[in-house]
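Data first, discussion second: the structure below is written as structure tokens.
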Amino acid sequence: MLRVTKLASRVAAHRPWRRPVCGGTPLLASDKVKGQKKERKPEPKAEKQEVEIRRTMTVEALARAMNRHEDDVLEALVNTALDVSSLHSRSVLEERWIKEAVKLSGMKFRWEKLSEPPPPPRQDRDAVPGPPDEAGRMAPRPPVVTVMGHVDHGKTTLLDALRKSQVAASEAGGITQHIGAFGVELPTGERMTFLDTPGHAAFSAMRARGALATDIVVLVVAADDGVMTQTAESIRHAKSAGVPVIVAINKCDKADADPERVKRELLAHDVVCEDLGGDVQAVPVSALTGHNLGALAEAVAALAEVLEIKARHDGAAEGLVIESRTDKGKGPVTTALVQRGTLRRGCVLVAGKTWAKVRSLTDDRGRSLEEALPGTAAEVVGWREAPSAGDTVLEVESERRAREVSEWRLHREASERLTEEESVVSAERQRHREAYEEERARLAHLTWRQRRVLLYRRDKTAFARRPSEKTGAPEGPRLALVVKADVDGSLEAIVNILDTYDAENQCQLDVVHVGVGDISETDVNMAQTFGGSVYGFNVSASKSVLRTAARHDVPVKTHAVIYKMMDELKADISGRLPPRVTHEVLGEAAVLAVFDVTAAGKKKTAVAGCRVLKGQLERKMKFRLLRGEDVLWEGGLLALKHHKDDVSTVKSGTECGLSLDGEAAFQPGDVIQCFREAEVPQVTAWDPGF
């Protein structure tokens, strides 16, 4: 018996799945014990909102810390020993009531920390132009001459004659739509850089940019047209930039040319030519025949010599982005005008919020360059992203430094945008706060319970009357646009035109995306998402993109002339407008007398005896009853009779009787009009200005 007991104890010692319970009796894990509860895993507690508190808080301050209404704080304390009816927003609460209000509101509190000093401002890592150069480091440079004037006055043709090229022949519609930079070597050996700006009304920003980047402005005025709208605008740009002007009176070979009239018209814009006692040179030329082009070149060279145009040739390059585009094979490409220093292949540049390591430099004829000196323009390849036209180009020492500058500028832009948004939010918050204080002052004579009931009723009524929040298609006609252009300057001009759209009451115009480069499938998909169209300016779309657009029923419209693009856009907007119903009056009749006629088995019918004053009455058309300026009735006729015969038409000067299909009370002297309804297509009221 002793051996059996010892064996049982050894077996029990080697069974880890059994445990002693109730005085050492071994039990399996599956054995149940009477009265023993099954263990449950604790459920995770919901995180409570934390409220920062401090001693001696007012009701208003505690409500703000809890992000609740002040009445919610009072409601939490209503069943405590505190007399809630004596409290108001400025009442100071004791520490225990502050804690109690937080706890009863289902929150937890923590003591407010001491205010920490704000983090130090981020160090300015921007790149800026260098200080003015010393006179000893400066050397003569080619002058930068901007050709400006009205559209179709021959600016590009004049440049063609100077540089013996055919730029104008390749331009769509015969008008310049980009700002171009060309190097010109005169027969005398002097070199100049000409900037050709568009004359069309849409490209005002380009003309302003050209005036700011230049040393001399050549104002081209057609001798047969005289001073036009963009001529006057170009004069204003030149004056605001403080740039001297030379007037080239073009098209003097025409029979109706009148150079003297042009000079007199310029007086109205404070441009006084030398012939009239001023200091502005005026040279009559003909770009087609080449007449007097040498005299114009000499005038520019003489003025440049007087101005003593110089710049530093050594050191870091500085310049200006004249134009920016995206090339399929090269990526982002810019036309940069070097203003000082020497731009070399391999150097690192920053412009706007992007940077480049220059892979290649080419001149306006496509020839490769090793360097570009001050006063010359070159195409720069190697940008990470395309900068905007008008951005300042600065050379920096390394790629790391370029990234620092780009990141700093992005940070500064984001900070400025955040500051602007915060100011808007702060103003809106202040407006709401003032409205709240005004309402509290209006209800100050009520107890908090009465205020609570009144506000509840008001909010309930406002909730019932709120507008529908269904998300669906906006009411009325709408056109969404995806716009692509070949260069940044053209895109800027198009966006500026679209910003003038003012016919929102007719059709909603939404520009959902703009960009530089050819039309892609992404553009088509975006237009499909918004149910819009893709408009391209001087860009193309591949066959696969066009197939995708056709499959998704997305219109893709490309243009090479800006005013034709705007004409089609206006037609597209007008096509989305519902037709307008017009009333064409066919005839009028005066009511002479009123009779009541009773037909067999029918009720009495009012019949008006009339005389047709003008036109004719046609029974199948619509009629209206006029009394003075008021329209009393509109609809069709039950009967139209001449004597006792039913007729379909009654002409002018004839008497007739008619009864209306509807309730209307005739009076002698009333006028009955016969009219035809017609639907006329609507045309958008938007005028882009050209």
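The values are calculated or read from the model by the stated rules, or taken from the named source; none is laboratory data. Quick caveat: nothing in here was measured; it's all calculated off a predicted structure. Here Cβ is always computed from backbone atoms with ideal geometry, including for glycine, and neighbour counts include all displayed protein chains. To get the accessible areas, we keep the full protein, side chains included, count just its heavy atoms, and leave off ligands, DNA and RNA. Shrake-Rupley method; radii C 1.70, N 1.55, O 1.52, S 1.80 Å.
Per-structure values
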| read-out | value |
| --- | --- |
| Tabulated pairs, region 497-515, first farther than 17 Å from G575 by Cβ, second open to solvent by less than 40 Å² (accessible area, probe 1.4 Å) and aromatic (F, W, Y), C-beta under 7 angstrom, 6+ apart or interchain | D502/W686 |
| Region 199-229, subset more than 16 Å from V245 (Cβ to Cβ) and among the hydroxyl-bearing types (S, T, Y), residue modelled with the lowest pLDDT | S204 |
| Residue in region 340-351 that is nearest to D133 (Cα to Cα), counting only those that are in a loop (DSSP other than H, G, I, E, B) and open to solvent by less than 20 Å² (accessible area, probe 1.4 Å) | G341 |
| Any hit, region 401-412, residues being over 30 Å from D215 (Cβ atoms), acidic (D, E) and at pLDDT below 90 | no |
| Residue satisfying all of: in region 539-558; open to solvent by 60 Å² or more (accessible area, probe 1.4 Å) and in a helix (DSSP H, G or I); farthest from D510 (Cα to Cα) among these | K543 |
| Entirely in region 472-538, the strands (runs of 3 or more DSSP E) that have 1 or more residues that are open to solvent by 40 Å² or more (accessible area, probe 1.4 Å), closer than 23 Å to L577 by Cα and not aliphatic (A, V, I, L, M) | 478-485, 508-516 |
| Lone unmet requirement of (1) in contact (Cβ under 8 Å) with a residue 40 or more places away in the chain; (2) closer than 30 Å to L373 by Cα; (3) in contact with a strand residue (DSSP E or B) (Cβ under 6 Å, 6 or more places away or on another chain) for V245 | (1) |
| A161 vs. criteria open to solvent by 20 Å² or more (accessible area, probe 1.4 Å), over 17 Å from L303 (Cβ atoms), of a type in the set (A, V, I, L, M) and at pLDDT below 50 | no |
| Hey, V92 open to solvent by 40 Å² or more (accessible area, probe 1.4 Å), β-branched (V, I, T) and touching a Ser or Thr at 6+ places or on another chain (Cβ under 6 Å) or not | yes |
| Residue pairs meeting the criteria (Cβ under 6 Å; at least 6 apart or on separate chains; first under 25 Å from I497 (Cβ atoms), in region 537-550; second among the hydroxyl-bearing types (S, T, Y) and surrounded by 13 or more Cβ atoms within 10 Å (Cβ to Cβ)) | F537/S490 |
| Residue in region 363-372 that is hydrophobic (A, V, I, L, M, F, W, C) and surrounded by 15 or more Cβ atoms within 10 Å (Cβ to Cβ) present | yes |
| Residue within region 459-470 that is modelled with pLDDT under 70 and open to solvent by less than 80 Å² (accessible area, probe 1.4 Å) present | yes |
| Failed condition for V650, given (1) open to solvent by 60 Å² or more (accessible area, probe 1.4 Å); (2) outside any loop (DSSP other than H, G, I, E, B) | (1) |
| Identity of the residue in region 286-334, of a type in the set (V, I, T) and not in a loop (DSSP other than H, G, I, E, B), that ends up surrounded by the most Cβ atoms within 10 Å (Cβ to Cβ) | T334 |
| Leading residue by the ranking (nearest to V453 (Cα to Cα)) among those in region 51-77 that are open to solvent by 40 Å² or more (accessible area, probe 1.4 Å) and in a loop (DSSP other than H, G, I, E, B) | H69 |
| Where a residue in region 97-109 is of a type outside the set (A, V, I, L, M, F, W, C) and its partner, wherever it lies, is in a helix (DSSP H, G or I) and surrounded by 15 or more Cβ atoms within 10 Å (Cβ to Cβ), with Cβ under 6 Å and at least six apart | S105/A76 |
| Near pairs, Cβ below 6 angstrom, 6+ apart or cross-chain, from region 435-455 (more than 10 Å from D71 (Cα to Cα) and open to solvent by less than 70 Å² (accessible area, probe 1.4 Å)) to any residue that is part of a helix (DSSP H, G or I) and of a type in the set (K, R) | L443/R451 |
